[in-house]
Amino acid sequence: MDTEYRNGLLKVLTGCVLWGVGYPVWKLLALRIPAIPLIAITFALASASMFLLFRLKPKALLREFRKNWAMLSLLGLFGGVLGTGLILFALTRIDTGIAALLEKLQPVFVILVARVFLHEIIPSEKIKWMLLAIAFSYPVAVGNLSEVAFKDSDTLGILAAIGASIFYGSNTVICKHLVDKGIRPKELVFFRMGLSSVIATPICFLWPSAGAFNFVLDGETAVLLILGVGISLTSAYVFFFDGLKHISAGTASFLELLTPLVALIMSFVIFGETISSSQMLAIPLFVYFVYRLSLPVRAIE
């Protein structure tokens, strides 16, 4: 194993672990601050941090925005406001690790959205992995298979996590389209964060029921905001993109599945959240099916 590959592996691994560690932070924040103002504040701070850390060029950013403003705005709406808003809502309703796992259904929706909007053919070998991932998401979400009925809060939380995976999947398709047009991934992350904040901020004033800036910013909440921005929205992306230059997409896809597993561990340590015996059996299979689904076709063959 050469040095560049090892360093790339460690950086991507660090980024994925940091994303997992960030889930409990976002749960604590979502219980204190309404989702829309939380997105407006944290994504603005993250975009400013990324502008500096990625050493982005203002003229290049302005040029790309003028050429692709409509798709970039959808990127901010789907990936930031809707996707993040739904996962924040889910975190207030269901266990942290389960929300993180259900969010990983996004490869299913990447394939479906790409089929509808980009007219990409769904490879036949991926259909079985899609069906298996969807099927095993049920025992992952339910926990106790003997219980047919859900509590209303559980149902809303599960649907919100799945909804987040749909919007994140759509976001991935938009990113692919924009990368094909020559925009660099680091620029896309900046645009996603910045435009999400731009879209979310007026909503707080025009639609007060969505949550205005009227929360209490005490010392503990301020620390959580710093951790949320520093861990999940800045450091994780910096490590991930720096490492991605030296490893394959398949390896990165595998490492990304560590994120919900880390979230499961952190949710147990911080909140005492546990999983049932049926979830213990279902989760490894679910993760495996999602991994196979996220692999390029050649890797599956």
Could you figure out which of (1) assigned to a helix (DSSP H, G or I); (2) farther than 24 Å from residue 239 by Cβ; (3) basic (Lys, Arg) isn't true of residue 6?
(2)
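For the structure I just gave you, tell me whether residue 165 is surrounded by 20 or more Cβ atoms within 10 Å (Cβ to Cβ), out of contact with any Ser or Thr (no Cβ under 9 Å at 6 or more places or on another chain) and modelled with pLDDT of 90 or more. It would help to see each step written out before you state the result.
Numbers: surrounded by 20 or more Cβ atoms within 10 Å (Cβ to Cβ): yes; out of contact with any Ser or Thr (no Cβ under 9 Å at 6 or more places or on another chain): yes; modelled with pLDDT of 90 or more: yes.
When the stated conditions are applied, residue 165 passes them.
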Go through (1) surrounded by 14 or more Cβ atoms within 10 Å (Cβ to Cβ); (2) modelled with pLDDT under 90; (3) small (Gly, Ala, Ser) and name the single condition residue 249 misses.
(1)
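Anything in segment 64-109 that is assigned to a helix (DSSP H, G or I), polar (S, T, N, Q) and farther than 20 Å from residue 202 by Cα? List them, or say none. Please lay out each step first, then the result.
Filtering segment 64-109 down to residues assigned to a helix (DSSP H, G or I) leaves 64-91, 96-103, 106-109.
Okay, now just the ones that are also polar (S, T, N, Q), so 68, 73, 84, 96, 106.
Matches in segment 64-109: 68, 96, 106.
Could you tell me whether residue 187 is closer than 24 Å to residue 4 by Cα, modelled with pLDDT of 90 or more and more than 15 Å from the chain's Cα centre (by Cα)?
The answer is yes for residue 187.
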Kindly check whether there is at least one residue in segment 94-117 that is modelled with pLDDT under 85, closer than 30 Å to residue 64 by Cβ and of a type in the set (Gly, Ala, Ser).
yes
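Determine whether residue 9 is over 19 Å from the mean Cα position of the chain (by Cα), more than 19 Å from residue 221 (Cα to Cα) and either of a type in the set (Val, Ile, Thr) or surrounded by fewer than 17 Cβ atoms within 10 Å (Cβ to Cβ) (or both). Give the steps one after another, and end with the answer.
Values: over 19 Å from the mean Cα position of the chain (by Cα): yes; more than 19 Å from residue 221 (Cα to Cα): yes; either of a type in the set (Val, Ile, Thr) or surrounded by fewer than 17 Cβ atoms within 10 Å (Cβ to Cβ) (or both): no.
Answer is no for this residue.
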Matching residues in segment 17-66 - criterion: being in contact (Cβ under 8 Å) with a residue 40 or more places away in the chain and of a type in the set (Lys, Arg):
27, 32
Hey, does segment 211-227 have a residue that's modelled with pLDDT of 85 or more and of a type in the set (S, T, N, Q)?
yes
If residue 88 satisfies all but one of (1) surrounded by 24 or more Cβ atoms within 10 Å (Cβ to Cβ); (2) within 22 Å of residue 228 (Cα to Cα), what's the number of the condition it fails?
(1)
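The values are calculated or read from the model by the stated rules, or taken from the named source; none is laboratory data. A quick note: this is a predicted structure, and the numbers were derived from the prediction, not measured. Glycine also receives a Cβ, built like all others from the backbone with ideal geometry; neighbour counts cover every protein chain displayed.
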